[in-house]
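S.K.: So that we are looking at the same thing, I have put the structure below in structure tokens.
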Amino acid sequence: MAAPLDPRRKRRSRPSGSGGPSAYTRRNGPILVATMVAAAVLTRMAFHGPAGRVPALAFAIAGVLLAGTYLSGGMPRPHKTGRHPVVGPVLTAAALLAAFALLDGLSRLVPPVHHATQTVLARADLTTALVLGTIAASVAEELFYRGALFERVRLPILTTTVAHMLTTLPAANVALTATAGLLGLVLGITRRTSGGWWAPAVTHVAWAFMVLAWLPR
């Protein structure tokens with residue numbers, strides 16, 4: 001007669017966000033890649049077309065990333081504890097703004113980098129349409145990169161940061177790519193410590209608004 005199972009012995013399952021390839025990841029990989037390619041194309045259009053189209057393209061990028069998130073397996077969890085912090089993420093955004101302001105000052109010592117920075121800021125006029133588009137794109141980026149993609153790859157902080165940087169390359173702007181790298185690293189760490197996409201999304205939105213409102217052109 002077989003011995004009864006010990007009720008204390010439970011089958012372990014990989015926690016969400018642990019970052020490991022699986023059949024699920026391989027099955028949805030093409031969707032994730034296609035989403036990033038589409039976002040990269042729209043990013044190039046935003047930086048190499050009329051400035052007036054930037055708000056509409058921001059909404060388009062948000063739509064593509066939200067669709068990719070949903071089609072690759074549904075919306076990820078916002079937070080591991082069910083709480084929705086605001087103060088901490090906003091303070092992180094303020095620290096990021098200070099860091100970018102310092103880097104912007106240092107970029108004046110390297111004319112090509114300074115020119116790239118000013119090119120980005122010149123396309124960021126503080127209009128209602130652009131603010132709303134930026135909010136939508138910021139939240140969508142966190143749902144996709146620090147949500148759907150983060151939960152389905154190895155080395156999620158590094159992988160999602162590099163993935164985000166790759167989508168900016170078609171814009172051919174070194175400042176934009178460097179920003180995606182630094183921002184992605186900080187938001188990836190925030191995602192790891194908070195356990196969901198909410199905290200990085202709040203940081204991203206707050207940081208983007210601060211850049212639009214306060215960084216000098």
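S.K.: Of all residues being aliphatic (A, V, I, L, M) and farther than 10 Å from residue 143 by Cα in segment 63-79, which is surrounded by the fewest Cβ atoms within 10 Å (Cβ to Cβ)? Just the residue, please. If you could, list the steps in order and put the result at the bottom.
M.R.: Keep residues of segment 63-79 that are aliphatic (A, V, I, L, M), which gives 64-67, 71, 75.
Among the residues that remain, those that are also farther than 10 Å from residue 143 by Cα are: 64, 67, 71.
Details: 64: 22, 67: 16, 71: 14.
Restricting to residues being aliphatic (A, V, I, L, M) and farther than 10 Å from residue 143 by Cα, the top hit is 71.
Residues are listed down the side, and each one gets a yes or a no for (1) free of Cβ contacts under 8 Å to residues at least 40 places away in the same chain; (2) in contact with a strand residue (DSSP E or B) (Cβ under 6 Å, 6 or more places away or on another chain); (3) surrounded by fewer than 19 Cβ atoms within 10 Å (Cβ to Cβ):
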position: 91; (1), (2), (3): yes, no, yes
position: 102; (1), (2), (3): yes, no, yes
position: 110; (1), (2), (3): yes, no, yes
position: 116; (1), (2), (3): no, no, no
position: 126; (1), (2), (3): no, no, yes
position: 162; (1), (2), (3): yes, no, yes
position: 181; (1), (2), (3): yes, no, yes
position: 191; (1), (2), (3): no, no, no
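S.K.: Right, something else. Starting from segment 28-57, keep only residues that are charged (D, E, K, R), then list their pairs with residues that are assigned to a helix (DSSP H, G or I) whose Cβ atoms are within a distance under 8 Å, requiring at least 6 positions of separation or different chains.
M.R.: That search, which allows pairs on different chains as well, returns 44/170; 44/171; 53/45; 53/46.
S.K.: Residues that are part of a helix (DSSP H, G or I) and in contact with a His (Cβ under 6 Å, 6 or more places away or on another chain): does segment 171-183 have at least one?
M.R.: yes
S.K.: If we keep just the residues of segment 144-163 that are of a type in the set (D, E, K, R) and touching a Lys or Arg at 6+ places or on another chain (Cβ under 9 Å), which is nearest to residue 57 (Cα to Cα)?
M.R.: That would be 146.
S.K.: Being within 17 Å of residue 197 (Cβ to Cβ) and loosely packed, with under 14 Cβ neighbours inside 10 Å is true for just one of 146, 154, 83, 53. Which residue is that?
M.R.: Numbers: 146 fails: loosely packed, with under 14 Cβ neighbours inside 10 Å; 154 fails: within 17 Å of residue 197 (Cβ to Cβ); 53 fails: within 17 Å of residue 197 (Cβ to Cβ).
Answer to the check: 83.
S.K.: Could you look through segment 94-143, keep only residues that are more than 28 Å from residue 56 (Cβ to Cβ) and assigned to a loop (DSSP other than H, G, I, E, B), and pick out the one that is modelled with the lowest pLDDT? Don't jump to the end; show me each part of the working.
M.R.: Step one: list which residues in segment 94-143 are more than 28 Å from residue 56 (Cβ to Cβ), which gives 94-95, 98-99, 101-103, 105-114.
The next check asks that each one be assigned to a loop (DSSP other than H, G, I, E, B); those that pass are 108-110.
On the way: 108: 83, 109: 86, 110: 86.
Here the residue is 108.
The values are calculated or read from the model by the stated rules, or taken from the named source; none is laboratory data. All of these numbers come straight from a predicted model, not from anything done at the bench. So basically every Cβ, Gly included, is an ideal-geometry build from the backbone, and we count neighbours across all protein chains shown.
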